[in-house]
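Below: one structure, written as structure tokens.
A short reminder: the numbers here are calculations on the coordinates, not readings from a lab. Note that the structure is predicted; figures quoted are calculated from it, not measured. So basically every Cβ, Gly included, is an ideal-geometry build from the backbone, and we count neighbours across all protein chains shown.
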Amino acid sequence: MVDIPLSGFLRRPAEPVLKLAPLRRRLGAGRRLQRGLAMLVSVVILAFALFGPIFEPFDPQAIDLSASFQPPSAEHWFGTDQIGRDVLSRVVEATRLTLLITGCVVALAGGLGGLAGIGAGYFGGALDALVMRLADIQLALPAIILAMVLAGAVGQTLPNLVLVLTLASWARFARVLRGEVLSLRTRDFILLVRLAGASRGWIMLRHILPNVVGTLVVLATIEAGSVIVLEATLSFLGLGIQPPGISWGGLIAEGRGFLGAAWWVCACPGLALMLAVLAVNLLGDALRDRLNPLLPSDLSS
Amino acid sequence: MLIYLLKRLAQSAITVLFVVAIIFVVIRLIGDPTHLLLPPEATEADRVVLRHQMGLDRPVLVQFGAYLAQLARGDFGISYRFSLPAGQVALHALPPTLMLASAALVLALGIGIPLGVAAAIWPGSVVDQFGQIFAVLGQAAPPFFFSLLFVKLFSLHWAWLPTGGYGTPAHLVLPALALGWFAAAGVARLTRSSMTDVLGAEFVKFARIKGLAEQEVILRHALRNALLPVVTYVTLQFGLLIGGAVSVEVVFAWPGIGQLLYDSINNLDYTVVQAAVTLTAAIFVLINLLVDVAYALIDPRIQHG
Amino acid sequence: MTGAPLLEVRNLTTSICSSGGAVTVVDQVSFSVAAGRSLALVGESGSGKSMTCASILRLLPPSGRIEGGQVRFHGQDLLTLPEREIRRLRGRRIGMILQDAMTSLNPIMTIGDQLGEVFRRHHGVRDRAERRRRAVAALEAVEITGAAQRLDSYPFQLSGGMRQRVCIAINIACAPDLLLCDEPTTALDATVQQQILGLLKRLQRERGLAIIFVTHDLRLAAQFCDEVAVMYAGRIVETGPIGAVFAAPAHPYAEGLLAAAPELGAAPGRLAAIPGTPPAPGSVPVGCRFAPRCTQAEAICSTAYPDWFDWQERSAACWLVPKRLAVPARVVETTA
């Protein structure tokens, strides 16, 4: 994976590992279409998140009882809900919050979990045992159940929500990165560097970390989808983002009662949710193909 | 082998214990159940008395110790909502969830494996395209969304199936489908990639050299090897299914552990929350253990090597 | 030559589809093998030897396609047979052993089951006990001791040499007429190599088995085979009885190969390598493909592909044959 010239390795770090590998297989037209779609949706989501209010034709909170339960039309692309609020605007607003939360959770879970895993794999011993025990505990429960109990306990503020979701997601990062580091540790090039007397810190910083960054990035993208779904489920169950905060899960929950007559109140946020997760998943696949063909596909570690 | 098993069993028990401990501490943060038990006019003094009676004013560690002693006797405390032993309430809610998860798993295997195999044998065909769309959609949407979708289509629009409840096989169909689609998607994708890998292996070529019929090559040689990683995946899935069951149960009013947990959290019935979580963790951990054992049995290399 | 050849390959052409388009890897290959005789197919890696064998059995990778030619086995053209008929021949009339016996065997099936399969398939043996009996006999035929116990072992429990013996046993179980061996000993230790070769030789004698032995090791070829066909860049460049060819190679490439092989011809103390590398399958030069590396190349060699010259029992595709060998050479065919 990484070649170190025998001379000067103490002065120069290993070659950058975010070098993009040549595409392993020719992408059929179907897959190109998928990737294109994923890119498009991702861009849209990002745009919504960053410049939200521009895309909101109406104020997401504006109530207009005279216009309640309007089906999708030219004026209200996604229709209106039971008190006349424009569903499209609410969906766009929800995008911003979701992205914010997901971003924070993935960064925290990936960062902390990743570090824990790297440390456990590299230093072994008590640290390894501790991290693995903790990971076992987190993984002893389905994430949603853990999240539910924690959310129910600590109260549903935004920071709390981020904390809860992070606690329910970090272990996978830790496990996978630990595995990567373990297999790296025994590779010849690390042995060489150690023979030359490089300190553990140096090895960690210059040789181990650059090699696992790729895995971390891919995993983060893949997990982002799970986090989005987890947050949506929590909000759907009323344990996540509370009104007046708007989230896809919450919107779906609100619309649930009107499924028969005004299905769009429920369906449109749901569609947005699906598209977002779809885009993130496909993006994760694409990144995996490009950056790190060593990561097993479709498997949890 | 036996030693390995015992060691794993001990590890699992400790893990569950830790889970119980953490949940215990967390539950204490939920809120004061005395609000539920006393009429609104009760004074603070009344609450203090009740708390003392329930032992809620002792240090957390002492409470935990007492709780463990209770657990050893199989006593999870009393549910505030039902005035029944919490353990009993939780156990009662278990079979419906297991039934739902199992049905979803059967569906996942029954749909996912054939789909994955077909996609691997005929890459680029209609089956393959369909399989990909199926898989991609299935992994994108959360189970609760599928639940609502199905309710809308099959219950409200075309009144084929009930919108919720429990009792007849008809009630099981929609929840199982909603839950199972997600799992089936993963199974299909994994089977396809695993099968594709195996089909390119030398021993498959050798099987053809032997002159075996294509059917034999695929079923006897390729499939058996291709299913090994699927087995691992499926067991991990079972846990995800139990998790996914939570939202499905809530949508369909299915009286399982998920629904129970949801209600209990909202109603601060914490003995039941504890009981339900402990039970879930124990089952989850047990399943993982069983799966490792099963895997060792299927792959002779692990047994002998 | 003992009568009509058992296997006659004429102008076999096979290509592989890659991202850059179709690439010809087996180009107008022709040779024949008589019953009970062994032919060595030698050449460097990438010369098309393995693909030739795969083409004979029509077991190409998904991206491969046979473009043309004939493969006559017992007079019947295999390339035009329906799939069902070919399947009946595989394992029964024609067998093949691959380089790595470990990956040839199904890791999660017992040896006995993998052997028994061929009896069920080709001889219709339904009785399990009977299959086991025949499997034991097959294992004993390849000199495996304790055969009955071995039946219940898994491939990973056997040594490399034993696994290859099992593969041989599977292939000869139904007494085929022809056995294709694709570098069967390359992955084995030297001593085991000799044992396996000895086994193959004995089986050949006892059963009149014809063998095509693909290898890049000339020493092995000389030791084992009666005839040789030398391949270069997808084409056969020389054929003939192995002793004669190795003693006095006609084609400069064969000459270079032999010079580079330590035991066979080089002056002691020096290994003469052929400078340069073979052309990639997609970019073969006009004219003789070896010309760019040939020390004796003349003008005509780079402009027209050599005719196929035939004398005594040998043949070679080289413009220099008449001049170098000073023998009356008959042109067999002009190549396009």
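The table below gives the values:
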{"quantity": "Part-to-part distance (alpha-carbon centres) for segment C:109-130 and segment C:1-51, which is given in Å", "calculated": "32 Å"}
{"quantity": "Cα-projected label distance for C:R205 with C:A260, points at 7 Å along beta-carbon direction, nm", "calculated": "3.4 nm"}
{"quantity": "Average beta-carbon neighbours from other chains, 10 Å sphere, peptide B:240-246", "calculated": "5"}
{"quantity": "Residue-span extension gain [C:Q195 to C:Q296] - 0.36 nm each, minus C-alpha spacing", "calculated": "32.3 nm"}
{"quantity": "Span-like helix ranges in chain A, DSSP H, alpha carbon extent 20 angstrom or more, Kyte mean at least 1.0", "calculated": "A:29-55, A:87-108, A:125-139, A:209-236, A:264-291"}
{"quantity": "Helix runs (DSSP H) in chain C reaching 15 Å along axis by Cα, Kyte-Doolittle at least -1.0", "calculated": "C:111-122, C:128-141, C:160-172, C:190-207"}
{"quantity": "Under 15 Å, Cβ to Cβ, from A:I101 - net charge with Lys/Arg +1 and Asp/Glu -1", "calculated": "-2"}
{"quantity": "Cα long-axis angle, helix B:270-298 against chain B (0 to 90 degrees, to the nearest 10)", "calculated": "20 degrees"}
{"quantity": "Computed E for B:A13/A:R187 - FRET, C-beta separation, R0 30 angstrom, nearest 0.05", "calculated": "0.25"}
{"quantity": "FRET efficiency, A:R200 to A:L65 (Cβ-Cβ, R0 51 Å, nearest 0.05)", "calculated": "0.15"}
{"quantity": "Of all DSSP beta bridges in the protein assembly as shown, antiparallel share, percent nearest 5", "calculated": "65 percent"}
{"quantity": "Average other protein chain Cβ within 10 Å of Cβ, residues C:166-179", "calculated": "1"}
{"quantity": "Label point distance in nm, A:E75-B:N267, each placed 7 Å from Cα along Cα→Cβ", "calculated": "4.5 nm"}
{"quantity": "Expected 222 nm ellipticity per residue - DSSP helices of 4 or more, -39500 (n - 2.57), all of chain C, to 500", "calculated": "-9000 deg cm²/dmol"}
{"quantity": "Length released on extending from B:D46 to B:D75, taking residue separation times 0.36 nm less the Cα-Cα span", "calculated": "7.8 nm"}
{"quantity": "Residue-averaged 222 nm ellipticity for chain A, from DSSP H runs of 4+ at -39500 (n - 2.57), nearest 500", "calculated": "-20500 deg cm²/dmol"}
{"quantity": "Net lengthening on full extension, C:A248/C:T80 (0.36 nm per residue, minus Cα-Cα)", "calculated": "56.6 nm"}
{"quantity": "Cβ-derived FRET efficiency at R0 25 Å, C:S45 paired with C:A272, nearest 0.05", "calculated": "0.80"}
{"quantity": "Peptide-level mean, for B:259-270, of C-beta atoms on other protein chains within 10 Å", "calculated": "3"}
{"quantity": "Mean Cβ neighbour count within 10 Å, used as a protection proxy, ranking C:242-251, C:192-201, A:108-117 highest first", "calculated": "A:108-117, C:242-251, C:192-201"}
{"quantity": "Computed label-point distance, nm, for sites C:E130 and C:K323 using a 7 Å Cα→Cβ extension", "calculated": "6.7 nm"}
